[in-house]
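What follows is one structure encoded as structure tokens, with my remarks underneath.
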């Protein structure tokens, strides 16, 4: 057989060794007794186009998470089979490699998710609300943790209380990064109420929210203090003598 591979000016031999190299370094063929961290890093490079540095950092995140759960094996063939299914499912629902990569690097445990039990209900929630698949991909880019928790549901409900149009809710969700999602559900409504108490019309509040949502998501106490400082400044400007 080796003699056969050496024929044709070594072309078949080259194909053989190229194939052997791919198998050797493909995560799917890594033995569970090997370094799982390296296997997963190679998987991320080959499957999602991660840089080697980002792949190493992400694989370390996964390893720490699994160890925190008392998992002795970092990876095995079942893990990679599930990871393939998750990636394929996300692609079918409009996400590209870059968007999936953002989600995985932020929280690699998303690759442990069950597509039908965990991911499908979350994606269906967005699509049924009116998000297109493209919209959902942008939401994941801004807030990759929507694939894991349920804070986005409370956030959308809070936004619906402020906006009269669902399309405005979609715009906000595509802008707010994950650190702001819990702030939407916890801080937005009381802060809007404060602005209304100061006499600001709801249409103006909505307009500002659409362009710059983050300032409205501060904790209520900090937001109230900021409004009081603005009020004092306006009073000072109103009573100071002009020269």
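All told, residue 189 falls short of being assigned to a helix (DSSP H, G or I) and closer than 26 Å to residue 102 by Cα.
Taken together, 231, 221 contain a single residue that is over 27 Å from the mean Cα position of the chain (by Cα) and either touching a residue at least 24 places away in the same chain (Cβ under 8 Å) or within 29 Å of residue 90 (Cα to Cα) (or both), which is 231. Residues considered: 232, 207. Of these, the only one that is exposed (fewer than 14 other Cβ atoms within 10 Å of the Cβ) and modelled with pLDDT of 90 or more is 207.
Is it fair to say residue 241 is more than 21 Å from residue 174 (Cβ to Cβ), in the same structural domain as residue 189 (by TED's automatic domain parsing) and modelled with pLDDT of 90 or more? No: the conditions fail for residue 241. Tallying residues that are within 13 Å of residue 189 (Cα to Cα) and in a loop (DSSP other than H, G, I, E, B) within segment 200-217 yields 1.
The values are calculated or read from the model by the stated rules, or taken from the named source; none is laboratory data. Nothing here was measured: the structure is a model prediction, and the numbers come from that model. For neighbour counting, all protein chains shown are included, and Cβ atoms are generated from backbone atoms with ideal geometry for every residue, glycine included.
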